[in-house]
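The values are calculated or read from the model by the stated rules, or taken from the named source; none is laboratory data. Note that the coordinates shown come from a computational prediction; the quantities given were computed from them, not determined experimentally. Note that we place each Cβ from the backbone using ideal geometry, even for glycine, and neighbour counts take in every protein chain shown. The accessibility values were calculated without ligands, DNA or RNA, using every heavy atom of the protein model including side chains. Shrake-Rupley method; radii C 1.70, N 1.55, O 1.52, S 1.80 Å.
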Amino acid sequence: MEAEAEAEVRLLLQEAQESIEAAQSYRRELEQRLRGLHQAREQIRESATLTRDVLEQHFDDLKGTLKKLLDERLMSLLQEVDAIEQDSIKPLDECQKLIEHGVSTADELLREGESAVHGDVGPQNEKLCSFTKKALHIQLDSLPEVPSLVDVPCLSAQLDDCLLTILKNQIFSHGTVASRPPVQLEEFVEKPGGILVRWCKVDDDFLPQDYRLQYRKGTASHFEDVYVGSETEFIVLHIDPNVDYQFRVCARGDGRQEWSPWSIPQTGRTTLVPHEWTTGLEGYSLSSRRNIALRNDSQSCGVLYSKAPTYVCGQTLTFRQVLSGELIETVGQPDRRDSLGVCVEQQNGFDSLQRDKAVCISTNGAVFVNGKEMTNQLPAVTSGSTVTFDMEVVQLGPSSSEGGNFKLRVTISSNNREVVFDWVLDQCCGSLYFGCSFSYPGWKVLVF
């Protein structure tokens, strides 16, 4: 009987310990959600405060001639801000009460569990049974949902600076309060020395005409315009690696002059060092960042290579390498020996990448693999053309009948057309050089 009792006690102790651990985990999750809740509340209050400041400043500037009417409209809009803030805070307050209750319950359960585990042997069985039943009764895996910052209101105001020129009946419809910006940042994709920024429309009723993207480095005080246009993505270049940049975007509605409220600022960074052309080749002039090469008037010819093998291929069959591209800003006279492409190693003495251990495209659109021209051809490279290279590893192993043991799946794209082929090499290449060659001056190539 004593052995059975001891076994029962050990079982109860184990169950109690498991319940304690579950309660501790439950409490940690609750605390994390509580922090998210505080951030959401802070965003609402800060945006509401900022919106009040904007509204008050704007209307104060107009009070000299329209004081009575502006005061009436200001009061209306402030009440709207208050109403949105209160309506938005209310569910957060309820959620906080629920979380605080859960924290209190978890604390009480922890105290009871520790008391039951460390109690006297005699009444311990009863305490352990009671505690275990109570722990099972409480749903320790049930956690309340806490909204993310982009899902809670971020109040702002839209105002028109030319209010003095409009009629009296338009004053009462002047200005609106928005609980969310109509566009938000969606994704950051690392590029060598740059970041591809994507954004999206989150207001179904908003019809955008143009977007405006801004960024600032680190904790700089001012944002700078980096793009204005109709596209929903943009590659921001001249980004220093391993440095945080803040981005924000707004939009202009169809047929309107004013911009919408800014999106919630988000931080992006790139860990990829920028592509650079190598210095010292007489036939080419480079920009200060060495990512732009201009074929000059020198009679010297040859292949301009990258400073280092910074174009990296995938290491496994499933790895998808970030694409690398060359944007032709201006063009000179084309020549069949011109080339844009990648290679395994730098080889001096050649005037083109149309050679072994290289793949490239000529300015007339011909594609060369290891010096041999393919039957498929891409459009000719002209002013404004973009040429991109994508590569992924598709074979690693012993030598094949083709004479190589390393195969890359290569995709070259130009002017919305592409060619795809396998490039067989006799050695494993973790990274590649890129290069270009032009016979005549006037070609200007940006690599990123």
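Hey, among Gln299, Gln321, Gln333, Gln315, which residue is crowded, with 16+ Cβ neighbours inside 10 Å and at pLDDT below 90?
Just one listed residue meets the conditions, Gln321.
Of the numbered conditions (1) surrounded by fewer than 18 Cβ atoms within 10 Å (Cβ to Cβ); (2) touching a residue at least 12 places away in the same chain (Cβ under 8 Å), Arg28 satisfies every one except a single condition; which is it?
The one condition Arg28 does not meet is (2).
Considering only region 356-367, I want to know if a residue exists there that is open to solvent by 10 Å² or more (accessible area, probe 1.4 Å), touching a Lys or Arg at 6+ places or on another chain (Cβ under 8 Å) and either within 19 Å of Lys444 (Cβ to Cβ) or at pLDDT below 90 (or both).
yes
Would you call Tyr215 at pLDDT 95 or above, more than 14 Å from the chain's Cα centre (by Cα) and under 28 Å from Thr388 (Cα atoms)?
no
Exactly one condition in (1) surrounded by 12 or more Cβ atoms within 10 Å (Cβ to Cβ); (2) more than 30 Å from Glu56 (Cα to Cα); (3) modelled with pLDDT of 80 or more is not met by Ser104; state its number.
Tallying (1) surrounded by 12 or more Cβ atoms within 10 Å (Cβ to Cβ); (2) more than 30 Å from Glu56 (Cα to Cα); (3) modelled with pLDDT of 80 or more, Ser104 fails exactly one: (1).
For His222, which of the numbered conditions (1) in contact (Cβ under 8 Å) with a residue 40 or more places away in the chain; (2) open to solvent by 30 Å² or more (accessible area, probe 1.4 Å) fails to hold?
(1)
For residues in region 120-161 being modelled with pLDDT under 65 and open to solvent by 30 Å² or more (accessible area, probe 1.4 Å), which is farthest from Ser25 (Cα to Cα)?
Among them, the one singled out is Gly122.
Among the residues of region 430-445, write down those that are of a type outside the set (S, T, N, Q) and buried (at least 21 other Cβ atoms within 10 Å of the Cβ).
Those that are of a type outside the set (S, T, N, Q) and buried (at least 21 other Cβ atoms within 10 Å of the Cβ): Leu432, Tyr433, Phe434, Gly435, Cys436, Phe438, Trp443, Val445.
List, please: which pairs have Cβ atoms under 8 Å, are six or more places apart or on different chains, and start with a residue in region 278-302 that is assigned to a loop (DSSP other than H, G, I, E, B) and end with one that is open to solvent by 80 Å² or more (accessible area, probe 1.4 Å) and of a type in the set (Ser, Thr, Tyr)?
Qualifying pairs under 8 Å: Arg290/Thr279.
Checking the structure you have, find out if any residue of region 258-266 is surrounded by 14 or more Cβ atoms within 10 Å (Cβ to Cβ), in contact with a Ser or Thr (Cβ under 6 Å, 6 or more places away or on another chain), outside any strand (DSSP E or B) and not assigned by the TED database to the domain that holds Leu55.
yes
Could you tell me which residue of region 267-290 is nearest to the chain's Cα centre (by Cα), considering only residues that are of a type outside the set (Asp, Glu), open to solvent by 70 Å² or more (accessible area, probe 1.4 Å) and over 28 Å from Leu149 (Cα atoms)?
Going through the qualifying residues, I end up with Val273.
Take region 185-222 and flag every residue that is part of a strand (DSSP E or B) and aliphatic (A, V, I, L, M).
Scanning region 185-222 gives Leu185, Val189, Ile195, Leu196, Val197, Leu213.
List every residue pair whose Cβ atoms sit under 6 Å apart, with the two residues 6 or more apart in sequence or on different chains, where the first one lies in region 349-372 and is more than 19 Å from Cys301 (Cα to Cα) and the second, anywhere, is open to solvent by 30 Å² or more (accessible area, probe 1.4 Å) and outside any loop (DSSP other than H, G, I, E, B).
Close Cβ pairs (under 6 Å, with a partner that is open to solvent by 30 Å² or more (accessible area, probe 1.4 Å) and outside any loop (DSSP other than H, G, I, E, B)) amount to Gly365/Gln377; Ala366/Glu373; Ala366/Gln377; Val367/Met374.
Please verify whether region 240-256 includes one or more residues that are part of a loop (DSSP other than H, G, I, E, B), in contact with a Phe, Trp or Tyr (Cβ under 9 Å, 6 or more places away or on another chain) and either open to solvent by less than 50 Å² (accessible area, probe 1.4 Å) or of a type in the set (Gly, Ala, Ser) (or both).
The answer is no, given that none of the residues of region 240-256 is part of a loop (DSSP other than H, G, I, E, B), in contact with a Phe, Trp or Tyr (Cβ under 9 Å, 6 or more places away or on another chain) and either open to solvent by less than 50 Å² (accessible area, probe 1.4 Å) or of a type in the set (Gly, Ala, Ser) (or both).
Is it true that Glu186 is among the charged types (D, E, K, R), over 27 Å from Arg41 (Cβ atoms) and open to solvent by 40 Å² or more (accessible area, probe 1.4 Å)?
no
Glu231: acidic (Asp, Glu), closer than 30 Å to Thr176 by Cα and open to solvent by less than 60 Å² (accessible area, probe 1.4 Å), yes or no?
No, not satisfied.
Which ones in region 189-213 are open to solvent by 10 Å² or more (accessible area, probe 1.4 Å) and not charged (D, E, K, R)?
Val189, Pro192, Leu196, Cys200, Val202, Phe206, Leu207, Pro208, Gln209, Tyr211
Within region 72-92, identify whether any single residue is among the hydroxyl-bearing types (Ser, Thr, Tyr), part of a helix (DSSP H, G or I) and under 30 Å from Phe172 (Cβ atoms), and answer yes or no.
Yes - at least one qualifying residue is present in region 72-92.
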